[in-house]
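The values are calculated or read from the model by the stated rules, or taken from the named source; none is laboratory data. Everything quoted here is computed from the prediction, not taken from an experiment. Reconstructed Cβ throughout: ideal geometry from the backbone, glycine too, with neighbour counts over all protein chains shown.
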Amino acid sequence: MNEPFDSQKTPKAIPGKIDISGEQSVCETVSTQLRQQLEELKKNKEALETARKNAEASEASLQSLFKAAPVGIGVVVDRKFQFVNHTLCEMLGYPAEAFIGNDSRFIYPSDEEYNLVGSEKYRQIHSMGKGTVETRCLCRDGSIMNVLMSSCPIDPGDLSKGVTFTVLNITEQKNAEKALKLSEEKYRELVENINEVIFVTDLQGAITFVSGKIESILGYSPQEITGKSFTLFVAPEDAELIQTRFKNLISGGGGSNEYRLVHKTGHIIWIRTSTRPTYKNNQIIGAMGTITDITEHKKLAAELQQSRKMEAIGTLAGGIAHDFNNILSAIFGYTELSLHLVFGENVLKQHLTEVLKAASRARDLVKQILAFSRQQENELSDVEPGAVVRETLKFLRSTSPSTIEIRQHINSNGLHIRAKHIQIQQVVMNLCTNAIQSMEKSGGFLEVNLHPVELDTLTLPCSNIVPGLYVKLSIQDTGYGISPQIMPSIFDPYFTTKKIGQGTGLGLSVVHGIIKTLGGGITVQSDIGSGTTFDIYLPAVKSNARGISEIEEELPKGKERILVVDDERIVARANQLRLEQIGYSVAIKTDSEEALELFRENPDGFDLVITDMTMPKMTGDVLAVEMMKIRPGFPVILCTGYSSEISEEMAGKKGIKAFLIKPVALKDLAKIIRKVLDETPAG
């Protein structure tokens, strides 16, 4: 008997033989088997239908996922597109038809990038089972898109079945990274090239960052400083104050400070810092700020302060000098008059000569005070160094502790040096003051030697001087000495080992500058605990300078008529008597207006006028100009104790024939008068 055919399922075979005996039993058995097979077929049909529906639902979900995915998704076989999602099409601007079946080369800007992605992607798949590559894609509109492409094989054992891939647009991220890189480069360039140093510290004051500019200021590279406490570089005198201010800073304070740092070479620099706390999650985690080198600014400020101080002193000194020189003029005049009345060698003549010498020294002292207070460049002259050293040591003895013995051996052997008196004083004063200060606690001796030396190429102590005749000044002390570490810096401006208020660090710098200006050299020898010796070598000259001439020297004489104008009657009278002694006819006036009226009444009544500069009603230069208006070319000699309003050059431009600084010795006055009269045309 044949089994009915079911198109949905091939029936199982029925055993080939049926025992016809017991027909009813057989039919029941067949019927049962058929029912069971039909039941199984029904279940299989239902299962297949469920599987079909699930597959359709799964495919729909997958299609929905591909369509909704924010990244491009596709499948390639041998780098040819088999499937792409809608997002990839939108990303690159191509329709799906442009992808399917085509090689992926067309979405790359170049063969190089196409080949690089292929080799790198498959290299990673072989080694890690998947691959991720950053590359660029060429969009349909010609624009370039930066993408992150990730790939995974469908069957890791058989790549021919295809590779799925995702494409993520990272253009904005790459642009942001590029902008950040440019910003960092600009920031780095700014940090490295501004004049200020930028630094960052932690809460303990350890430097966590410092810009490269620090090396040009402090001598240390950023690597040498990073990780170290900033206080290691602060000058000892300022360390405690700066530590206190740092504690205030990390408590929420801020602001700017000026203090000193120790350069890598050992010398001192001045800096200004501007700092503020740094925060993280509203908690202070350290500090940051800038450093500006103000060493030069400090130097200029000190010079300006000194200039203002000297200007004030100069104004005071000028007023005193005018009156003092008028007094000296009277002393000069009447002493010379008295000497003229003394005949032969006697005690009175000796005494009067000493008065004249003292007056001369007082006149020179006033000149030095004026030159120093004005800080002006007065002319070099032949200076006898021994006399200057003795004068300076005499002053130092009166101000030095009794525990310090000052010894001197001065023998310049008649040699002079071309210098300013005040320069030699400054050299001796600064070096000896330093020496005395080094022995204040322990006592000791200061030895000053001065003598001539002949130097040749083999005995030159310094490379900046040449063979020749020199005056050697040696200043030796038994103080605590100078350490080898700071020896190279002792002549640097503002370098000092003294506490605040005990020194400016300019003394040795000034000494070095003066010696260099004078063409000399300086050497230093020092041993810790034994003392220091400075040797100064200054070029020597044989001077023609003479002392005060004897009053008996033959003086130029004359018979001309001279009008002397001076508001100090005692000075005018002394000049009248001195000039009358050498033959002149002299009239005096103590009022400049009266003198002008006298001259106006009789312009030819005088051959020469000698007038003071500073007088009430009318100054001497104005008087001279008015007289020359009345009588053009008339000779006038202008004298002054001190005046900031007139100089020799200014007087010459006004037609004044000679310019003299009081007090004037008779021999000098006589020579000037004779010279002016002889050079003035007659009539």
Discussion item. Is it the case, given these coordinates, that Ile630 is buried (at least 22 other Cβ atoms within 10 Å of the Cβ) and β-branched (Val, Ile, Thr)?
Written reply: no
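Condition (residue is surrounded by fewer than 18 Cβ atoms within 10 Å (Cβ to Cβ) and within 30 Å of Val262 (Cβ to Cβ)) applied to segment 399-408: is it met by at least one residue?
Let us first name the residues in segment 399-408 that are surrounded by fewer than 18 Cβ atoms within 10 Å (Cβ to Cβ), namely 399, 401-403, 405-408.
Checking which are within 30 Å of Val262 (Cβ to Cβ) leaves us with none.
So far as segment 399-408 goes, no, none of its residues is surrounded by fewer than 18 Cβ atoms within 10 Å (Cβ to Cβ) and within 30 Å of Val262 (Cβ to Cβ).
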Worksheet item: What about Val234, is it among the β-branched types (Val, Ile, Thr), in contact with a Lys or Arg (Cβ under 9 Å, 6 or more places away or on another chain) and assigned by TED's automatic domain parsing to the domain that holds Thr275?
Response: yes
Practice prompt. Give the residues of segment 118-132 that are touching a residue at least 12 places away in the same chain (Cβ under 8 Å), among the charged types (D, E, K, R) and part of a helix (DSSP H, G or I), sorted by residue number.
Written response: Glu120, Lys121
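Which residue, of Ile424, Ile436, is under 16 Å from Ala540 (Cα atoms) and either modelled with pLDDT of 85 or more or among the small types (Gly, Ala, Ser) (or both)? If you could, list the steps in order and put the result at the bottom.
Details: Ile436 fails: under 16 Å from Ala540 (Cα atoms).
Being under 16 Å from Ala540 (Cα atoms) and either modelled with pLDDT of 85 or more or among the small types (Gly, Ala, Ser) (or both) holds for just one of Ile424, Ile436, which is Ile424.
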Worksheet item: Among the residues of segment 182-227, how many are modelled with pLDDT of 85 or more and at negative phi?
Response: 29
Response to the item:
Among (1) surrounded by 21 or more Cβ atoms within 10 Å (Cβ to Cβ); (2) not assigned by TED's automatic domain parsing to the domain that holds Tyr470, Thr532 falls short only on (2)
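Give the residues of segment 261-278 that are in contact with a strand residue (DSSP E or B) (Cβ under 9 Å, 6 or more places away or on another chain) and either touching a residue at least 24 places away in the same chain (Cβ under 8 Å) or among the basic types (Lys, Arg) (or both), sorted by residue number. Quick ask: steps written out before the conclusion?
Filtering segment 261-278 for residues in contact with a strand residue (DSSP E or B) (Cβ under 9 Å, 6 or more places away or on another chain) gives 261-263, 268-278.
If the condition is that a residue be in contact with a strand residue (DSSP E or B) (Cβ under 9 Å, 6 or more places away or on another chain) and either touching a residue at least 24 places away in the same chain (Cβ under 8 Å) or among the basic types (Lys, Arg) (or both), then Leu261, Val262, His263, Ile268, Ile269, Trp270, Ile271, Arg272, Thr275, Arg276, Pro277, Thr278 are the ones that fit.
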Worksheet entry | Those residues of segment 633-644 which are buried (at least 21 other Cβ atoms within 10 Å of the Cβ) and of a type outside the set (Gly, Ala, Ser), in sequence order | Pro635, Val636, Ile637, Leu638, Cys639, Thr640, Tyr642
Item to complete: Could you list, in sequence order, all residues of segment 209-223 that are buried (at least 17 other Cβ atoms within 10 Å of the Cβ) and in a strand (DSSP E or B)?
Response: Val210
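Just a yes or no: is a residue in segment 631-644 within 54 Å of the chain's Cα centre (by Cα), of a type outside the set (Lys, Arg), assigned to a helix (DSSP H, G or I) and under 26 Å from Gly333 (Cα atoms)? Break it down into steps so the answer makes sense when it comes.
Pass one, segment 631-644, residues within 54 Å of the chain's Cα centre (by Cα): 636-644.
Subsequent filtering for residues that are of a type outside the set (Lys, Arg) retains 636-644.
Then drop every residue that is not assigned to a helix (DSSP H, G or I), which leaves none.
No, that holds for no residue.
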Fill in: Residues satisfying the stated conditions in segment 594-627, i.e. surrounded by fewer than 18 Cβ atoms within 10 Å (Cβ to Cβ), of a type in the set (D, E, K, R) and under 17 Å from Leu638 (Cβ atoms)
Lys617, Glu626
Fill in: Per-region count, segment 116-136, residues of a type in the set (D, E, K, R) and surrounded by fewer than 15 Cβ atoms within 10 Å (Cβ to Cβ)
2
Response to the item:
For segment 293-319, the count of residues that are surrounded by 15 or more Cβ atoms within 10 Å (Cβ to Cβ) and either closer than 30 Å to Ser274 by Cα or among the β-branched types (Val, Ile, Thr) (or both) equals 7
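Output the residues belonging to segment 246-260 that are outside any loop (DSSP other than H, G, I, E, B), touching a strand residue (DSSP E or B) at 6+ places or on another chain (Cβ under 6 Å) and under 21 Å from Gly286 (Cα atoms).
Residues of segment 246-260 that are outside any loop (DSSP other than H, G, I, E, B), as a first pass: 246-249, 255-260.
With the extra rule that they be touching a strand residue (DSSP E or B) at 6+ places or on another chain (Cβ under 6 Å), the set shrinks to 249, 256-258, 260.
Answer for segment 246-260, where residues must be outside any loop (DSSP other than H, G, I, E, B), touching a strand residue (DSSP E or B) at 6+ places or on another chain (Cβ under 6 Å) and under 21 Å from Gly286 (Cα atoms): Leu249, Ser256, Asn257, Glu258.
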Worksheet item: Within segment 578-590, how many residues are touching a strand residue (DSSP E or B) at 6+ places or on another chain (Cβ under 8 Å) and surrounded by fewer than 17 Cβ atoms within 10 Å (Cβ to Cβ)?
Response: 3
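Can you name every residue in segment 511-528 that is more than 27 Å from the chain's Cα centre (by Cα) and among the aliphatic types (A, V, I, L, M)? Can you show your working first?
Looking only at segment 511-528, we keep the residues that are more than 27 Å from the chain's Cα centre (by Cα), and these are 518-528.
Of everything in segment 511-528, those that are more than 27 Å from the chain's Cα centre (by Cα) and among the aliphatic types (A, V, I, L, M) turn out to be Leu518, Ile522, Val524, Ile528.
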Response to the item:
Filtering segment 261-306 down to residues that are under 21 Å from Pro222 (Cα atoms), part of a loop (DSSP other than H, G, I, E, B) and over 12 Å from the mean Cα position of the chain (by Cα) yields His263, Lys264, Thr265, Gly266, His267
Worksheet, complete the sentence: Requiring at least 2 residues that are among the charged types (D, E, K, R), the strands (runs of 3 or more DSSP E) wholly within segment 386-490 are 404-410, 444-455, 468-477
Worksheet item: Within segment 112-139, which residues are over 15 Å from Leu168 (Cβ atoms), modelled with pLDDT of 90 or more and in contact with a Pro (Cβ under 9 Å, 6 or more places away or on another chain)?
Response: Leu138
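Can you tell me which residues in segment 645-659 are on the phi < 0 side of the Ramachandran plot and surrounded by fewer than 17 Cβ atoms within 10 Å (Cβ to Cβ)?
Here is the first cut: in segment 645-659, the residues on the phi < 0 side of the Ramachandran plot are 645-654, 656-659.
Of everything in segment 645-659, those that are on the phi < 0 side of the Ramachandran plot and surrounded by fewer than 17 Cβ atoms within 10 Å (Cβ to Cβ) turn out to be Glu645, Ser647, Glu648, Glu649, Met650, Gly652, Lys653, Lys654.
Each row is one residue, and each column tells you yes or no for (1) of a type outside the set (D, E, K, R); (2) touching a Phe, Trp or Tyr at 6+ places or on another chain (Cβ under 8 Å); (3) under 22 Å from His267 (Cα atoms); (4) assigned to a loop (DSSP other than H, G, I, E, B).
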{"position": "Thr166", "(1), (2), (3), (4)": "yes, no, no, no"}
{"position": "Lys186", "(1), (2), (3), (4)": "no, no, no, no"}
{"position": "Asn195", "(1), (2), (3), (4)": "yes, no, yes, yes"}
{"position": "Gln204", "(1), (2), (3), (4)": "yes, no, no, yes"}
{"position": "Ile207", "(1), (2), (3), (4)": "yes, yes, yes, no"}
{"position": "Asp238", "(1), (2), (3), (4)": "no, yes, yes, no"}
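Residues are listed down the side, and each one gets a yes or a no for (1) in contact (Cβ under 8 Å) with a residue 12 or more places away in the chain; (2) not basic (Lys, Arg):
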| site | (1), (2) |
| --- | --- |
| Thr532 | yes, yes |
| Lys557 | yes, no |
| Val564 | yes, yes |
| Asp567 | yes, yes |
| Leu577 | yes, yes |
| Gly583 | yes, yes |
| Glu597 | no, yes |
Item to complete: Inspect segment 65-87 for any residue being modelled with pLDDT of 90 or more, in contact with a strand residue (DSSP E or B) (Cβ under 8 Å, 6 or more places away or on another chain), part of a helix (DSSP H, G or I) and closer than 20 Å to Leu159 by Cβ and give the result as yes or no.
Response: no
Worksheet item: When residues of segment 645-660 are filtered for being touching an Asp or Glu at 6+ places or on another chain (Cβ under 9 Å) and not in a helix (DSSP H, G or I), how many remain?
Response: 8
